[in-house]
Amino acid sequence: MSFGLAERDVKALLQVVGSGSRDDDGPVVPWSLLHDLRELVACDNVQVYGQDTPRRDEFASQDLPGIGESSVDGDAYWPNYWDSPCSYPDRSGDLRSVVMISDFCSLRQWHESGMYNEYVGLFGVEHEIAVCLPVGPGRTLKFLFARSAGPDFSERDRAVLTLLRPHLHAAYVAAERRRLGISPLTPRQQEVLQYVAAGFSNTQIARRMAISEATVRKHLENIFQRLNVTSRTAAVGRVGAEPYAS
């Protein structure tokens, strides 16, 4: 099935990409990212859920607007996991496809499943679409979009989430680095950015670092890419670089 994205979809995609690079507080990713995702893919709830399958353990959770999980028996999840569509990434090894519950079963079959009756259905989830990201051996991070009623998710929803998948992964990695205090830049890139923060030109930076101006420009290009910014000022602001003294 082929179709084109509307101009408003493209603008919304760009909005989501931008919000993924913000550093507003969130236990897993920026809250602004989840708000923009819910605007892009209409749903009742969007959740980021990290699980360590071999250990049957949760290592990350963040959801908007919240699904009252404390009122549901979480012990029902794992006994029903392997027989449900939720286990598709672990069963197949396919961590790239954006999948819906309806890819695997009809609504009637879903309503008859143990996962629905003992766990997911208690949240009122009728339809779900998921983006799965690998984040370590045996670990996956899923962006889950749920609807409690109305139509299922569409191929348009699958397409925009497929396009966003690498940006969602980058947003998670960037947030983890901020939480751990790890710079996304190499020591050499940090040095260049410190000179930038001090107001030095590319020529002056090249002279002080004993490298060519072309190398300085390449360092800046890589810095912008890693920080997801387009200007020197934004790059300095993103990492709070302390300037070198002149």
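The values are calculated or read from the model by the stated rules, or taken from the named source; none is laboratory data. Computed from a predicted structure; not experimentally measured. So basically every Cβ, Gly included, is an ideal-geometry build from the backbone, and we count neighbours across all protein chains shown. Surface areas here come from the heavy atoms of the whole protein model, side chains and all, with no ligands, DNA or RNA. Shrake-Rupley method; radii C 1.70, N 1.55, O 1.52, S 1.80 Å.
Note down the relative contact order for region 143-246 as a percent, whole number, built from C-alpha pairs under 8 angstrom at least six residues apart.
Working: 62 pairs, mean separation 29.4, N = 104.
This gives 28 percent for region 143-246.
Springs between alpha-carbon pairs under 10 angstrom, Gaussian network model over the chain: which of Asp25, Asp83, Asp75 fluctuates most?
Maximum among the listed residues: Asp75.
Sorting Trp82, Trp110 by accessible area (1.4 Å probe), largest first, what list results?
Details: Trp82 115, Trp110 5 Å².
I get Trp82, Trp110, largest accessible area first.
Efficiency by 1/(1 + (r/R0)^6): what FRET value for Arg38 and Leu163, r their Cβ-Cβ distance, R0 = 25 Å, to the nearest 0.05? Could you put the intermediate results ahead of the total?
Numbers: r = 17 Å, r/R0 = 0.67.
After rounding to 0.05, the efficiency reads 0.90.
Over the Cα atoms of the chain, what radius of gyration and what Dmax do you get, in Å?
21.5, 71
Ranking request for peptides 139-150, 207-218: highest mean number of other beta-carbon atoms within 10 Å first, then the rest in descending order.
Details: 139-150: 18.2, 207-218: 13.9.
Top to bottom by mean Cβ count within 10 Å: 139-150, 207-218.
Say R0 is 45 Å: what FRET efficiency, to the nearest 0.05, do Gln109 and Thr186 get from their beta-carbon distance? Mind dumping the intermediate values first?
Working: r = 51 Å, r/R0 = 1.13.
The value I calculate is 0.30.
What FRET efficiency, computed as 1/(1 + (r/R0)^6) with R0 = 30 Å and r the Cβ-Cβ distance, is obtained for Leu122 and Leu5, rounded to the nearest 0.05? Intermediate values should be presented prior to the final figure.
Numbers: r = 35 Å, r/R0 = 1.17.
Once the sixth-power term is evaluated, E becomes 0.30.
With 19 Å as the cut-off, how large is the P(r) tail for region 154-246, expressed as percent of Cα-Cα pairs? Mind dumping the intermediate values first?
Details: 1995 of 4278 pairs.
When all Cα pairs of region 154-246 are counted, 47 percent exceed 19 Å.
At 222 nm, what value in deg cm²/dmol follows for the chain if DSSP H runs of at least 4 each add -39500 (n - 2.57) and the sum is divided by all its residues, to the nearest 500?
-13500 deg cm²/dmol
Report the Rg/Rh value for region 130-173, based on alpha-carbon coordinates and the Kirkwood definition of Rh. Before the final figure, lay out each step's value.
Numbers: Rg = 12.1 Å, Rh = 11.7 Å.
Here Rg/Rh amounts to 1.03.
How big is the accessible area of Val173 in square angstrom, nearest 10, if you roll a 1.4 angstrom probe over the protein chains?
Approximately 40 Å² of Val173 is accessible to the 1.4 Å probe.
Taking the Cα-to-Cβ direction at Arg55 and at Asp94 and moving 7 Å from each Cα, how far apart do the two end points lie in nm?
Using points 7 Å along Cα→Cβ, the separation is 2.9 nm.
Kindly express, to the nearest 10 degrees and within the range 0 to 90, the angle between helix 7-19's C-alpha long axis and the longest C-alpha principal axis of the chain.
Tilt of helix 7-19: around 70 degrees.
Quick check: net charge around Ala130, other residues with Cβ under 14 Å of its Cβ, Lys/Arg +1 and Asp/Glu -1? Let's see the in-between values first.
Values: positive: Arg91, Arg96, Lys142, Arg147, Arg158, Arg165; negative: Asp63, Asp90, Asp94, Asp103, Glu128, Asp152, Asp157.
Result for the local shell: -1.
Roughly how many Å² is the accessible area per residue of region 119-198, as a whole number, for a 1.4 Å probe? Don't skip to the answer; put the middle values down first.
Numbers: 3300 Å² over 80 residues.
Result: 41 Å² per residue.
By what distance, in whole Å, do the Cα atoms of region 27-173 stretch along each of the three principal axes, largest value first?
Reported extents, whole Å, longest axis first: 36, 35, 30.
Rounded to a whole number, what % of the accessible area of the chain do carbon and sulfur atoms account for, probe 1.4 Å?
Values: 6370 of 12730 Å².
C and S fraction of accessible area: 50 percent.
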